[in-house]
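Take a look at the structure set out below.
The values are calculated or read from the model by the stated rules, or taken from the named source; none is laboratory data. Note that the structure is a prediction, hence the values are computed from the model and not measured. All Cβ positions, glycine included, derive from the backbone under ideal geometry; neighbour counts span all protein chains shown. For the accessible areas, the whole protein counts, side chains as well, though only heavy atoms, and no ligand, DNA or RNA atoms are used. Shrake-Rupley method; radii C 1.70, N 1.55, O 1.52, S 1.80 Å.
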Amino acid sequence: MGYGFLDRLATPTVQAAQAANGSRELWLNSGRDRVFDRFTENETAFIEARDSFYMASTSESGWPYVQHRGGPTGFLKVLDDKTLGFADFRGNRQYISLGNVTADNRVALIMVDYPHRARLKILAHAEIRDLSADPALAERLSLPSYKARPERAFLLHLENFDWNCPQHITPRFTAAELEPALEPIRTRLATLEAENQELRAKLAARGDTK
């Protein structure tokens, strides 16, 4: 059994680069059973906790294109253990990813959990769906509280995935992620401000303004 994810990418030039840098034997002799071709509960929880990801496609001119996709937490749905889906909301209307996957449906995704320094890489085949022709899919991908106009659906059919090591991932935190840590500080500040106002009032009542 092969590596799965890496086997899809280990072209002759990649293998030559590995050999030249002393890592070819590593990938030949270790991790040979890492064929991750179905999402488990672990990947599902990770994916549905994300509020953004990066998706790479390739243009007919040969140039790669990486697009940032963002939305409310959970906007990328795990539809089953081989399929992801998300509503494609109207943006800058360049439609580069849309055009690219029409010609070559292979895409690569990277998702990062910065606070926990975890990174998931996915290889998939993209499929475009008309939401108006598939009400059931539209319902599954809907985000009622998100005020944006969906134009279509992207389905991503899993080929393989792999997890990266945390090396070189700098922890970063969103405002929502910082809120639990900041709440005790805000509460303490509010208490101190109330105490300060009370002391000022007492001093003013005594005529002591020093």
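The residue that is farthest from Phe5 (Cα to Cα), counting only those in the range 52-64 that are surrounded by fewer than 16 Cβ atoms within 10 Å (Cβ to Cβ) and among the hydroxyl-bearing types (Ser, Thr, Tyr), is Ser61.
Filtered by the rule that a residue be among the aliphatic types (A, V, I, L, M) and open to solvent by 70 Å² or more (accessible area, probe 1.4 Å), the range 1-18 gives Met1, Leu9.
Keeping to the range 83-99, report how many residues are more than 17 Å from the chain's Cα centre (by Cα) and either within 29 Å of Ala45 (Cα to Cα) or small (Gly, Ala, Ser) (or both). Summing the residues that are more than 17 Å from the chain's Cα centre (by Cα) and either within 29 Å of Ala45 (Cα to Cα) or small (Gly, Ala, Ser) (or both) in the range 83-99 gives 4.
The set of residues in the range 97-154 being under 10 Å from Ala87 (Cα atoms), in contact (Cβ under 8 Å) with a residue 60 or more places away in the chain and in a strand (DSSP E or B) consists of Pro150, Glu151, Arg152, Ala153, Phe154. If you go through the range 185-210 and keep only what is of a type outside the set (D, E, K, R), modelled with pLDDT of 90 or more and open to solvent by 80 Å² or more (accessible area, probe 1.4 Å), you end up with Ile185, Leu189, Gln197, Leu199. Being farther than 30 Å from Gly70 by Cα and among the hydroxyl-bearing types (Ser, Thr, Tyr): is that true of Thr40 here? Spelling it out, it is not the case that Thr40 is farther than 30 Å from Gly70 by Cα and among the hydroxyl-bearing types (Ser, Thr, Tyr).
Ala10 falls short of the stated requirement of being touching a residue at least 12 places away in the same chain (Cβ under 8 Å) and under 17 Å from the mean Cα position of the chain (by Cα). Mind listing just one residue for me: the one in the range 154-169 that is of a type in the set (S, T, N, Q) and open to solvent by less than 60 Å² (accessible area, probe 1.4 Å) and, of those, nearest to Ala10 (Cα to Cα)? Among them, the one singled out is Asn160. Scoring Val78 on the criteria (1) touching a Gly at 6+ places or on another chain (Cβ under 9 Å); (2) within 19 Å of Arg152 (Cα to Cα); (3) in contact (Cβ under 8 Å) with a residue 60 or more places away in the chain; (4) not acidic (Asp, Glu) leaves a single failure, condition (3). Among residues belonging to the range 109-132 that are farther than 18 Å from Phe53 by Cβ and not hydroxyl-bearing (Ser, Thr, Tyr), point out the one that is least open to solvent (accessible area, probe 1.4 Å). Ranking the candidates gives Leu131 first.
Here is a yes/no grid of residues against (1) among the charged types (D, E, K, R); (2) surrounded by fewer than 16 Cβ atoms within 10 Å (Cβ to Cβ); (3) under 18 Å from Trp163 (Cα atoms):
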site: Ala20; (1), (2), (3): no, yes, no
site: Glu41; (1), (2), (3): yes, yes, yes
site: Arg50; (1), (2), (3): yes, no, yes
site: Lys82; (1), (2), (3): yes, yes, yes
site: Gly85; (1), (2), (3): no, no, no
site: Ile96; (1), (2), (3): no, yes, no
site: Asp104; (1), (2), (3): yes, yes, no
site: Val107; (1), (2), (3): no, no, yes
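Identification of helices (runs of 4 or more DSSP H) wholly contained in the range 1-88 with 2 or more residues that are touching a strand residue (DSSP E or B) at 6+ places or on another chain (Cβ under 9 Å) yields 5-9, 41-48.
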